[in-house]
1. Among the residues of segment 267-294, what is the count of those that are of a type in the set (S, T, N, Q) and more than 16 Å from ligand 1 (Cβ to nearest atom)?
2. Residue by residue through segment 474-484, note down the ones that are at pLDDT 90 or above, within 16 Å of ligand 2 (Cβ to nearest atom) and within 11 Å of Asn450 (Cβ to Cβ).
3. Can you report the number of residues in segment 224-243 which are surrounded by 24 or more Cβ atoms within 10 Å (Cβ to Cβ) and part of a loop (DSSP other than H, G, I, E, B)?
4. Residues of segment 94-116 being among the aliphatic types (A, V, I, L, M) and either closer than 23 Å to Ala202 by Cα or within 16 Å of ligand 1 (Cβ to nearest atom) (or both), which ones?
5. Does segment 22-30 include one or more residues that are of a type in the set (Lys, Arg), touching a residue at least 60 places away in the same chain (Cβ under 8 Å) and not assigned by TED's automatic domain parsing to the domain that holds Asn197?
6. Arg416: out of contact with any helix residue (DSSP H, G or I) (no Cβ under 9 Å at 6 or more places or on another chain), within 26 Å of Arg98 (Cβ to Cβ) and surrounded by fewer than 20 Cβ atoms within 10 Å (Cβ to Cβ), yes or no?
7. Just for segment 451-473: of the residues that are assigned to a loop (DSSP other than H, G, I, E, B) and of a type in the set (A, V, I, L, M), which one is nearest to ligand 2 (Cβ to nearest atom)?
8. Between a first residue in segment 148-164 that is over 11 Å from Thr185 (Cα atoms) and a second residue that is within 15 Å of ligand 2 (Cβ to nearest atom) and among the small types (Gly, Ala, Ser), which pairs have beta carbons less than 6 Å apart while being 6 or more apart in sequence or on different chains?
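The values are calculated or read from the model by the stated rules, or taken from the named source; none is laboratory data. Here the structure is a predicted model, which is why all the values come from computation and not from measurement. Cβ: placed from backbone, ideal geometry, glycine included. Neighbour counts: every protein chain shown.
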Amino acid sequence: MTGPEGGARSAQFYGGEDRNAYLHRAWMRRGMPDHAFDGRPHIAIANTASELTPCNSHLDEVAQSVKNGVYEAGGIPHNLPMVSIGETTVRTTAMLWRNMAAMAAEELLRANPVDAVVLLGGCDKTIPALLMAAASVGIPAIVVPGGPMLNGTFRGQPLGCGTDVWKLSEEVRAGGLASDVFRSTESSMIRSRGHCNTMGTASTMAFMAEALGMTLPGIAGIPAPDSRLLEYSHATGRRIVELAREGLTPADVLTKASFHNAIVALAAIGGSTNAVVHLLAIAGRVGVDLTLDDFDAIGEGVPLLVNLQPAGAFLMEDLFRAGGYLAVLREVRERLDPTAITVAGRPLVDELDGHQVWDRTVIRAADEPLLPDAGIVVLRGNLAPSGAIIKPAAATPALLRHRGPAVVFDSVEDLRARIDDPDLDVDENSVLVLRGCGPRGYPGMPEVANMPLPRKLLERGVRDMVRICDGRMSGTAYGTVVLHVAPEAAAGGPLALVRDGDLIELDVAGRSLTMLVPDEELRARKPAPAATAAYASPRRGWEQLYVQHVQQADTGADLDFLVGATGPAVMRESH
Ligand code: FES
Ligand code: MG
């Protein structure tokens, strides 16, 4: 859609001498010179800065550096505020709003006179939503990840976002930490601008954007306050003007090969399980045939190289100091698909030279990994006919093959009400099952799958149990947790049929998740009434639209009518 000047879309608004061209130009002038409308590229800066998305609150400064680069290269930048979602801020769950943010971004990009876009994100859902939108519009796009916070510290020890919240709050409950001291750690944990500094979803999705080829190579993981983030932002501004002229679109970059590389990268960093639903959704927008099973097949045997919380010891600032994401990728170079390119115009594998590892305690060598196999495993069986996932690297090895009786919870509220009941019929061999937490049932697929363990078992020293849920878990959490069970209970999945005491068998090596109940009996069972009563049934607004149209986790939980692309064609005149 872009011509030699790179301004084919905007020229359809601004070119010509008629009344409508006048309307479009005159209102936009406000000091802009006449040559702003001579056919040069107009660049949107899709900006998720918001004071209610604290992880993205610094993005206006980043946007200014992008703008400088755009001007320098002869383009015209426009700040375009986006729907912004703060992971810790919004309810019921940020995931409920990912598709809304993606839809709003898509429509705004298509409706406006822009030829290309720079996508500014950070907090968990913001980069996935913007990538989904850009893929569906199909104009040239580059991501600028906002970067992680500086390391937190407390009493000389590192303090990691998310992961250490759970740890410190447990210490308070156990009487080892006064609550006023606990409160005083808030500012030492969240020390600076930026997103979570653990290997949670934000850190993971920034790297996924880079591994997919959708950032300038080397930007992901630069801490938010680091001057180099602004240098890269400036360079991104320059590059997006070239891209507008070249016409290289997300579909040219987002190939099956680039998703292959992202899955290798995901395993090597021990990234968040949330990347699975986000990558599937992005692939769906661009028409790449990516399946849940690809995560298992491509990730299998990829070593875990990055020693970061929640699985390891360090934080994102340490990873950057140790050489950064490209140094990690260089360790697994032979597993990467050499045909995948980046927005810089060259294959990703050609960007890895010279990226050295400076600290082997943070980034391991491929032949001395933290774990030999960090891939996500896909499970199937009569409990998850369309699939479920587990991250063995975050699980207890002894539980990866396990058989035990189910203890079933029909909702998060049911779980909270009964989990610490001394009379609950549960022991360490039990399998905790939580349903009604899928995309449709909750709605929005909240991060509740890593259920708290029963207090009476905690007191006996039990630290992990097999847990099964149709929801997600935070990228900063861990345990032997089977996630994203599809179909979810509320979509007619067999999870709704499980009863207390049913034997459940998890066999990670065998890729299976089975309830040992005869088929005949299962066919005769009806979904538990207490479960169905807990499913959401919104009557208006976004929640209703979402529940009516959201797809299951195994295909990315996008809305059915948003899958695929509409393209960048300019719409009909407004006047
Ligand atoms: Fe925003 Fe973690 S809460 S990235
Ligand atoms: Mg989260």
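1. The total comes to 1.
2. Answer for segment 474-484, where residues must be at pLDDT 90 or above, within 16 Å of ligand 2 (Cβ to nearest atom) and within 11 Å of Asn450 (Cβ to Cβ): Gly479, Val481, Leu483.
3. Of the residues in that region, 1 qualify.
4. Residues satisfying the conditions are Ala94, Met95, Leu96, Met100, Ala101, Ala102, Met103, Ala104, Ala105.
5. Scanning segment 22-30 turns up no residue that is of a type in the set (Lys, Arg), touching a residue at least 60 places away in the same chain (Cβ under 8 Å) and not assigned by TED's automatic domain parsing to the domain that holds Asn197.
6. Yes; evaluated as a whole, the condition is true for this residue.
7. Met473
8. Pro148/Ser203; Gly162/Gly200
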